[in-house]
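To start, the structure under review is shown below, and the notes come after it.
The values are calculated or read from the model by the stated rules, or taken from the named source; none is laboratory data. Everything numeric here is computed off the predicted structure, so don't read it as measured data. FYI the Cβ positions are ideal-geometry reconstructions off the backbone, even for glycines, and counts take in every protein chain you see. Quick note on the areas: whole protein, heavy atoms, side chains included, nothing else; ligands and nucleic acids left out. Shrake-Rupley method; radii C 1.70, N 1.55, O 1.52, S 1.80 Å.
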Amino acid sequence: MISPKKMWARTCWQLGMDLGFWLSVGFLTGSVAAASERNDVFPPYNITMKMNVFNVLWEWSPLIDGANCTVFYTSIMSAGKGNMELSFKNIHPNCTHEVENIDLNGFIPFKVEAGCKDKTQVKLVNMSVEVLSGNPKTAVRDFSCVWYDYEYINCTWHPGTEAPPKANYSLFYWLKSQSSDMALKPVHPMIFEEFLETGKVCHHYNYKDGTSIGCYFEYQQLYNLEDSEEMQIVVTDRLQKHIRPFVSYVKVYQIVQLSPPTITNISWTENALSVIWTVAKGKIKDLNFEVIITDITNGKHKEFKLTGINSKEFPDIYPYADYTVKVRGRIREILGSYPWSEWSKEETCKGKDSGRTTSLTLLILIPIILTVLAIFLVICMKRLKYIICPPIPDPGKVLKKSFGDPNTFQHFIKRRYEKVNVWNMAQKEEVCSVISVEPTTCSSQTE
């Protein structure tokens, strides 16, 4: 059931289209009347537009009565993409013009002219239609998608400059291979609301300050997505009608970002620096590579662009310096610009003189180290020798240490054999005074 607000918007839009139509009819009627007097070509009229999420169809009615030649129609549809104006021009005798994958985010200018084949008696009609509603400054900005190494697609964006806080942006998408049953519908203000009912929804969102700023969906969600697949993506907030939808048409093979290459070998040949690398996925012949070689000493670097190869000898590299090397790759540019992979891990390559310098340094250091070690060992060996093989002690010193002066000991031995009692030696007489203490008698005993 259509809400009164939607009904009012549709009514106003229809009144505007009707007014433009009747004004064009009045203009065309006057032109027909004047041209009929001159036997001239009449401009087309009753121009209408139909669309689905991938295609736009223009139709018009011819006025060929009175023309003195076979009338052909030339139609031009333009859509601005950045600073580039795209035009689709068809010359045909029929009264339709269908275009695929047009940018729907702004006005769609359309021109159709009727004239003879020799470009005489040309009559031109201009129209411009805007199919999206809402404030343009609420639509998301800086929208981009990347298919990482054929595994999952990640889309990111920034909220519109006038978008409300915590805008709940949602991503809807359609696959071109599944659009054969999408009918072309006449344009009206709520046409995208009808389209969103048929789209698939991305579920894995990234948020910043409560506002969704991106969404990713895995490979399995895309039903075995092929390189040739095309997608139409719409980002909008269905709960807030004043937020303008953003529409983006994507060719998936143009958004593939490969994983970083792996450098497997860096070496010096006779006259060049040789670098070899590999990639996880993708055919080498279909890839572009960029190699950066940086001089570690002065920081200067050289960039090399390569196509279809995964090894290269670089002859213009000074061989007597140390370098770092890194590589990145992307799918070869054919129909558009493809994102570069991340840089590979930096690998270091020593210069040719590094080995000789190292050898000379070792020749100087080794004798010095050996000399220091020899001195250290000599000192340590003396102490070790003392611990392992201690000197034989002097018996005289040992006896003197144990028994005192040997002369005293000899005197002791001599007196002993003379049967002298060494213990009868005169001793100092000590006198001890004796004090007599009489016991006291208790009074009870006396009684």
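Only one of (1) assigned to a strand (DSSP E or B); (2) open to solvent by 40 Å² or more (accessible area, probe 1.4 Å); (3) touching a helix residue (DSSP H, G or I) at 6+ places or on another chain (Cβ under 8 Å) fails for ILE213. Which number is that?
(3)
Within the range 216-249, which residues are open to solvent by 10 Å² or more (accessible area, probe 1.4 Å), at pLDDT 85 or above and within 17 Å of ASN154 (Cβ to Cβ)?
TYR216, PHE246, SER248
Return the pair list, or none, for Cβ contacts closer than 7 Å from residues in the range 50-62 that are over 11 Å from ILE102 (Cα atoms) to residues that are surrounded by 22 or more Cβ atoms within 10 Å (Cβ to Cβ) and aromatic (Phe, Trp, Tyr), at least 6 apart or on different chains.
TRP58/PHE110
Only one of these conditions is not met by ASP286: (1) under 19 Å from the mean Cα position of the chain (by Cα); (2) open to solvent by 20 Å² or more (accessible area, probe 1.4 Å); (3) closer than 23 Å to CYS145 by Cβ; (4) not polar (S, T, N, Q). Which number is it?
The failed condition is (1).
Return yes or no: is ASP322 at pLDDT 80 or above, under 19 Å from ASP295 (Cβ atoms) and in contact with a helix residue (DSSP H, G or I) (Cβ under 8 Å, 6 or more places away or on another chain)?
Answer is yes for this residue.
Here is a list of conditions, (1) at pLDDT 85 or above; (2) on the phi > 0 side of the Ramachandran plot; (3) small (Gly, Ala, Ser), and GLY282 meets all of them except one; can you say which number that is?
Of the numbered conditions (1) at pLDDT 85 or above; (2) on the phi > 0 side of the Ramachandran plot; (3) small (Gly, Ala, Ser), the odd one out for GLY282 is (1).
Conditions tested, residue by residue: (1) over 22 Å from GLU230 (Cα atoms); (2) open to solvent by 20 Å² or more (accessible area, probe 1.4 Å); (3) touching an Asp or Glu at 6+ places or on another chain (Cβ under 9 Å).
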residue: ALA114; (1), (2), (3): yes, no, no
residue: VAL140; (1), (2), (3): no, no, no
residue: TYR152; (1), (2), (3): no, yes, yes
residue: CYS155; (1), (2), (3): no, no, no
residue: GLU162; (1), (2), (3): yes, yes, no
residue: ALA167; (1), (2), (3): yes, no, yes
residue: LEU196; (1), (2), (3): no, no, no
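Can you name every one of the strands (runs of 3 or more DSSP E) wholly within the range 222-304 that holds 3 or more residues which are within 30 Å of ALA139 (Cβ to Cβ)?
Result: 230-236, 246-251.
Mind checking whether some residue in the range 86-96 is within 23 Å of SER179 (Cα to Cα), at pLDDT 70 or above and touching an Asp or Glu at 6+ places or on another chain (Cβ under 8 Å)?
yes
Out of ILE309, ILE255, ILE276, report the one residue that is under 25 Å from the mean Cα position of the chain (by Cα) and closer than 30 Å to ASN55 by Cα.
One residue alone meets the criteria, ILE255.
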